[in-house]
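What follows is one structure encoded as structure tokens, with my remarks underneath.
What follows draws every value from the coordinates through simple rules; no lab data is involved. Source: prediction; values computed, not measured. Glycine also receives a Cβ, built like all others from the backbone with ideal geometry; neighbour counts cover every protein chain displayed.
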Amino acid sequence: MTNPSKTPGAPTGARVADFELPEDLKALQATVRAFAERELAPIAAGLDAEARFPREAVARAAGLGLLRVTVPREHGGSELGNLASCVLLEELNAVCPSTGVTVSVHNSLACSPLAKWGNDEQKRRYFPRLITGEWLGAYCLSEAGAGSDVAALRCEAKRAGDAWVLNGPKLWITTGSEASLFIVFARTSPDRNKGISAFLVERGWPGVGVGKKERKLGIRASPTVEILLDNVQVPAANLLGQEGQGFAIALDTLDGGRLGIASQSLGIARACHDLIRDHLETIRDDKGRSSGGSQAAQYQLADLAADLDAARFLTWRAAVLRDRGVRCSKEAAMAKLAASRLCNRAARSAVAILGPAGASGAAERFLRDARITEIYEGATDIQRLVVARGVLGG
Ligand code: CAA
């Protein structure tokens with residue numbers, strides 16, 4: 001029997017890429033969209049105005065299982081993986097990017113490296129509290145002199161018997177003041193890359209302190225702080241992975257983290273696209289008929305719609321590769337590069353097209369929230385560097 005929808009000439013049984021989400025992820029997407037509308041939409045503007053951490057909303061997100069998607073089943077996780085994480089993060093970020101980045105950091109920068117590099121004992125100790133949100137995770141890599149150049153970090157870890165003694169400040173730590181478990185990268189020998197190790201550090205240990213809190217342009221409800229480590233005794237059992245493996249752990253983890261920020265960018269871009277669409281749909285001509293606004297505005301909306309789909313496919317492709325265990329540094333960097341630039345353009349367009357309403361409403365908040373997506377987890381030029389190295393090396 002012939003298939004009338006089949007392209008003439010296409011080989012029978014041809015394998016095709018499937019651009020549809022599987023049914024379980026469609027259900028997750030619908031659940032998180034409803035959650036974001038119900039729980040986050042009413043509070044997002046207030047959280048931003050008061051720079052107030054969304055503690056209760058994050059607890060409810062944990063109740064929905066959103067903090068366990070990158071955790072193995074044997075440790076209480078749902079093990080849904082990176083694609084699921086991207087899907088749920090787009091939904092959270094389309095409403096509240098401060099909540100979105102909190103969940104992204106917890107899933108991709110704390111739970112993921114523990115799942116991938118942690119030993120059984122470490123997983124048994126920390127996952128039960130991380131999956132319920134009782135403990136939030138944070139990632140302590142950056143320092144004043146080591147932002148883009150990770151390997152320049154100077155925080156030191158010296159071996160003393162059965163412990164490591166950590167000293168040095170860490171800067172720009174997302175969720176730092178709210179987290180209970182830190183993944184800390186410190187120097188264990190002078191070798192630039194191979195002299196870095198990763199540690200699991202508890203907030204409650206003597207010598208762990210929270211320093212300066214940044215006053216920020218956007219994602220103001222997500223606290224960004226300095227974490228101070230002053231003679232912190234870390235048990236040798238809390239070394240994550242092997243001694244000297246920290247640089248590889250940091251960069252591998254960031255491949256996943258960048259998918260989280262790409263998804264944050266998709267959420268912001270989609271929200272701005274929708275604000276423009278809804279606004280243009282209200283515009284009427286002098287006979288009262290719906291006109292859809294000026295052609296110039298419609299062209300901007302069309303470009304955003306096309307670029308949003310393109311950036312989403314880049315992001316989901318990289319997530320699928322990572323879920324298959326394939327290194328996706330180039331693909332994750334492409335996704336973050338495209339999506340973060342797009343959300344900044346989308347937010348600027350929304351403010352411009354909505355006029356006075358855009359300058360003071362949700363579009364204004366998204367414009368401020370969008371800026372950081374081109375800065376954290378590797379600035380735009382770092383993504384270009386990673387893509388260029390991948391293209392030239394590949
Ligand atoms: N996975 C595993 N290994 C990796 C890797 C990856 N993704 N990327 C690199 N490596 C390995 C390399 O294979 C290489 O190994 P060998 O020495 O055995 O050959 C080694 O690491 C060194 O790699 P590079 O030569 O590429 O290292 P580099 O010093 O040139 O640095 C860089 C590369 C891309 C510039 C990197 O430093 C980088 O990504 N910088 C940006 C840092 C960043 O994103 N910071 C974000 C902070 S966290 C944050 O922002 C959280 C938040 O607030 C939300």
Which of LYS26/LYS213; LYS158/LYS336; LYS123/LYS170; LYS123/LYS216; LYS26/LYS212; LYS213/LYS336 exceed 30 Å between C-alpha atoms? The answer is LYS26/LYS213; LYS158/LYS336; LYS123/LYS216; LYS26/LYS212
With +1 at each Lys and Arg Cβ and -1 at each Asp and Glu Cβ, the charge dipole magnitude of the chain around its Cα centre, to the nearest 20 debye, comes out at 400
Dimensionless Rg/Rh of the stretch 235-285, both radii on Cα and Rh by Kirkwood, sits at 1.46
Working note, the chain: Cα radius of gyration (Å, one decimal) and Dmax (Å, whole number) are 22.0, 83
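By how many nm would the segment from LEU228 to ASN167 lengthen if fully extended, with 0.36 nm per residue of separation less the alpha-carbon distance? Intermediate results must be reported in sequence, preceding the final value.
Working: separation 61, 0.36 × 61 = 21.96 nm, distance 0.79 nm.
Full-extension gain reported as 21.2 nm.
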Projected onto the charge dipole of the chain (unit charges on the beta-carbon of Lys, Arg, Asp and Glu, signs +1, +1, -1, -1), the Cα from ASN107, CYS155, ALA302 with the largest positive-side position is that of CYS155
With label points set 7 Å from each Cα along the Cα-to-Cβ direction at LYS212 and ARG284, the distance between them in nm comes to 5.5
Mean projected area, convex hull of alpha-carbon positions in the stretch 153-206, reported to one decimal in nm², is 4.1
The simple spin-label model distance between ARG73 and GLU37, using points 7 Å out along Cα→Cβ, in nm, is 3.2
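Give me the extension gain from ASP274 to VAL326: residue separation times 0.36 nm, minus the current Cα-Cα distance, reported in nm with one decimal. If you can, show how the numbers build up before the last one.
Values: separation 52, 0.36 × 52 = 18.72 nm, distance 3.42 nm.
Gain on extension, ASP274 to VAL326, equals 15.3 nm.
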Of all DSSP beta bridges having both residues in the stretch 137-246, the percent classed as antiparallel (nearest 5) is 85
The rounded separation in angstrom of the Cα centers of the stretch 102-133 and the stretch 333-394 is 28
Distance in nm between GLU121 and ARG154 label points, each 7 Å along Cα→Cβ, equals 3.4
Ranking LEU28, ALA271, ALA236 by how far each Cα lies towards the positive end of the charge dipole of the chain (+1 on Lys and Arg Cβ, -1 on Asp and Glu Cβ), the top one is ALA236
Those trypsin sites (Lys or Arg not before Pro) from the stretch 28-99 that are DSSP loop and have at most 15 other Cβ neighbours within 10 Å turn out to be ARG52
HN-Hα couplings for the stretch 209-226 via Karplus (6.51, -1.76, 1.60; θ = phi - 60°), in whole Hz with x for Gly/Pro, come out as x, 9, x, 4, 9, 6, 8, 10, 5, x, 5, 6, 7, 9, x, 10, 9, 8
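Translational D (Stokes-Einstein, µm²/s) of the stretch 23-130 at 25 °C and 0.890 mPa s when Rh comes from the Kirkwood sum over C-alpha pairs?
Details: Rh = 14.1 Å.
The diffusion coefficient I find is 174 µm²/s.
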Packing-ranked peptide list from 285-291, 326-332, 105-111, highest mean Cβ count within 10 angstrom first, is 105-111, 326-332, 285-291
The set of residues whose placed amide H lies less than 5 Å from the amide H of VAL210, leaving out same-chain residues fewer than 5 positions away, is LEU228
Quick calc, the stretch 248-393, dipole around Cα centre from Cβ unit charges on Lys, Arg (+) and Asp, Glu (-), nearest 20 debye, gives 240
Per DSSP, the loop-located trypsin sites (Lys or Arg not before Pro) within the stretch 196-243 having at most 10 other beta carbons within 10 Å are ARG215
Along the stretch 178-191, Karplus-curve 3J(HN,Hα) (6.51, -1.76, 1.60; θ = phi - 60°) to the nearest Hz, with x for Gly and Pro, reads 9, 7, 10, 10, 10, 8, 10, 9, 9, 8, 10, 7, x, 3
Per GNM of the chain with C-alpha springs under 10 angstrom, the most fluctuating residue out of ALA236, ALA269, ALA61 is ALA236
1/(1 + (r/R0)^6) with r = Cβ-Cβ of SER177 and ARG389, R0 = 30 Å, i.e. FRET efficiency to nearest 0.05, evaluates to 0.30
